[in-house]
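Student: Quick one: the structure is below, questions incoming.
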Amino acid sequence: RASLQSPLPDSRPSSDSVSSSSGETNLSSLLTQHHTTPTVSSISVVSASESLSPPASESASLSSSSSSHVLSIDEIKPIFKFEKNGKPKVLNIYGLYHLFVIVITMPFWMASMEMLHWLGNNIQGFDEDRAKFDYAGKLWCRSYLTLTDCYPQIEGDVSRLQDKVGSSSSSSVTAENGPGACLFVANHASFLDIAVLCCVLDPVFKFIAKDSLMKFPGVGRQLVGGEHVLIDRTDKRSQLRTFKQAITYLKNGIPIMAFPEGARSPDGRLMPFKGGIFSMAVKAKVPIVPLSLSNTHAVFPSLGFLPVQSGRDKLRVYVHDPIDVEGKSEEEIALEVRRALLRELPLDQHPLEVDEDNV
């Protein structure tokens, strides 16, 4: 097992993609409608109370990270307070520095995307899977996180992840779901999650993303140009096409990255999973690789317009062993994934006790 803490590793490309936050809620309805095959069963949620009952062997890991890095409003020391889409937002001096870094670096990212897109469209055989195009976004994410002191610690089965996924080009994978075929899943607690994930996902991969994110500078261009899986939440036919597109990628050996909660957690705590997301892995017969993201909600909370504090010694990605889906129901897969994620999350990201009847 490898433990990595590196600013800009050459061997690990990264992709600025889009978070599949609320868009995946629609994917769940698509998936439950699409489940006409007897091998795939639809699920609604896995209750929080189930997830709070890990085996005894996991308890030591759970108690090892009991402190919270979440700042109070007084500790954030906001310079500006305002509303965005009816929700309160704050911006402090650290957020202003993030804004400065974004303004300075984004033009280089945008220019590189345009150049690679033109080359891909005009040179036959160049960047057919858009791996090089996405590499521009991965480099930007890693540069941005390094310059803002937010590059995450990466731990767990990193070497297995790299072996499992293979190289950064789908040309190296076999037709029968070669080493690149897998479904990445992670908890979703912050806008920062995407950039953090781009520090660990080396090869070409495709995010499941809501199409409304196409309007954001940089991110939207990366999504469309990188041919990621986009969901139109208002069009059920589009949702069906999205499901089929994701299955096609998996069967061609290209990993898919999804957030099974279907939305960002407002307080960082792991939420119930939406139904159907794991059916993609079952349908394509590929393993699932859970990724635990720690403390992104503390560094970039929902209240923040931009990050409110440094991520040094806080941000962490833990790569879990792949989970085999063969012979398992979706409920069993969901519970196994949930327990894996919770094993490496700090206690303040664990769900609170709730009444199962109200989940």
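The values are calculated or read from the model by the stated rules, or taken from the named source; none is laboratory data. Everything quoted here is computed from the prediction, not taken from an experiment. Using ideal geometry, Cβ is built from the backbone for each residue, glycine included, and neighbour counts are taken over all protein chains shown. Surface accessibility is based on the protein's heavy atoms, side chains included, excluding ligands, DNA and RNA. Shrake-Rupley method; radii C 1.70, N 1.55, O 1.52, S 1.80 Å.
Student: Across the range 303-359, what is the number of residues that are hydroxyl-bearing (Ser, Thr, Tyr) and either modelled with pLDDT of 95 or more or open to solvent by less than 10 Å² (accessible area, probe 1.4 Å) (or both)?
Tutor: Initially, the range 303-359 is screened for residues hydroxyl-bearing (Ser, Thr, Tyr), giving 310, 318, 329.
Still in the running and either modelled with pLDDT of 95 or more or open to solvent by less than 10 Å² (accessible area, probe 1.4 Å) (or both): 310, 318.
Total meeting the criteria: 2.
Student: I'd like to know if the range 231-239 contains one or more residues that are hydrophobic (A, V, I, L, M, F, W, C), modelled with pLDDT under 90, more than 25 Å from Leu119 (Cα to Cα) and within 18 Å of the chain's Cα centre (by Cα). So that I can check it myself, show each step before the final result.
Tutor: The initial filter retains those residues of the range 231-239 that are hydrophobic (A, V, I, L, M, F, W, C), namely 231.
After this cut, where a residue has to be modelled with pLDDT under 90 as well, the list is 231.
Applying the additional criterion that residues be more than 25 Å from Leu119 (Cα to Cα) yields 231.
Next, only the ones that are within 18 Å of the chain's Cα centre (by Cα) stay: 231.
Yes: one or more hits.
Student: Which of the residues belonging to the range 240-256 are assigned to a loop (DSSP other than H, G, I, E, B) and more than 18 Å from the chain's Cα centre (by Cα)?
Tutor: Just the residues of the range 240-256 that are assigned to a loop (DSSP other than H, G, I, E, B), to begin with: 252-255.
Of everything in the range 240-256, those that are assigned to a loop (DSSP other than H, G, I, E, B) and more than 18 Å from the chain's Cα centre (by Cα) turn out to be Asn252, Gly253.
Student: While we're on this one: Among what's in the range 244-289 and is of a type in the set (Val, Ile, Thr) and touching an Asp or Glu at 6+ places or on another chain (Cβ under 9 Å), pick the residue that is most open to solvent (accessible area, probe 1.4 Å). Don't jump to the end; show me each part of the working.
Tutor: Start the filter on the range 244-289 by keeping residues that are of a type in the set (Val, Ile, Thr), which leaves 247-248, 254, 256, 277, 282, 286, 288-289.
Next, only the ones that are touching an Asp or Glu at 6+ places or on another chain (Cβ under 9 Å) stay: 254, 277, 282, 288-289.
Working: Ile254: 12, Ile277: 8, Val282: 28, Ile288: 0, Val289: 4 Å².
Ranking the qualifying residues of the range 244-289, first place goes to Val282.
Student: Let me ask something else about it. Just to be sure before I move on: is Pro307 closer than 13 Å to Ser190 by Cα and touching a Cys at 6+ places or on another chain (Cβ under 9 Å) in the structure I sent? Working first, answer last.
Tutor: Numbers: closer than 13 Å to Ser190 by Cα: yes; touching a Cys at 6+ places or on another chain (Cβ under 9 Å): yes.
Yes: the conditions hold for Pro307.
Student: Give just the number: which of (1) more than 15 Å from the chain's Cα centre (by Cα); (2) open to solvent by less than 10 Å² (accessible area, probe 1.4 Å) does Leu293 not satisfy?
Tutor: So the condition that Leu293 fails would be (1).
Student: Could you tell me whether Gly262 is on the phi > 0 side of the Ramachandran plot and in contact with a Pro (Cβ under 8 Å, 6 or more places away or on another chain)? Write out each step before concluding.
Tutor: Details: on the phi > 0 side of the Ramachandran plot: yes; in contact with a Pro (Cβ under 8 Å, 6 or more places away or on another chain): no.
In short, no.
Student: Another one. Of (1) in contact with a strand residue (DSSP E or B) (Cβ under 6 Å, 6 or more places away or on another chain); (2) part of a loop (DSSP other than H, G, I, E, B), Val90 satisfies all except one. Which?
Tutor: That leaves (2) as the condition not met.
Student: Residues to consider are Ser57, Ser61, Ser49; find the one that is open to solvent by 80 Å² or more (accessible area, probe 1.4 Å), assigned to a helix (DSSP H, G or I) and modelled with pLDDT under 90. Write out each step before concluding.
Tutor: Numbers: Ser61 fails: open to solvent by 80 Å² or more (accessible area, probe 1.4 Å); Ser49 fails: open to solvent by 80 Å² or more (accessible area, probe 1.4 Å).
The unique qualifying residue is Ser57.
Student: I'd like to know if the range 105-117 contains one or more residues that are of a type outside the set (Val, Ile, Thr), open to solvent by 90 Å² or more (accessible area, probe 1.4 Å) and farther than 18 Å from Leu223 by Cα.
Tutor: no
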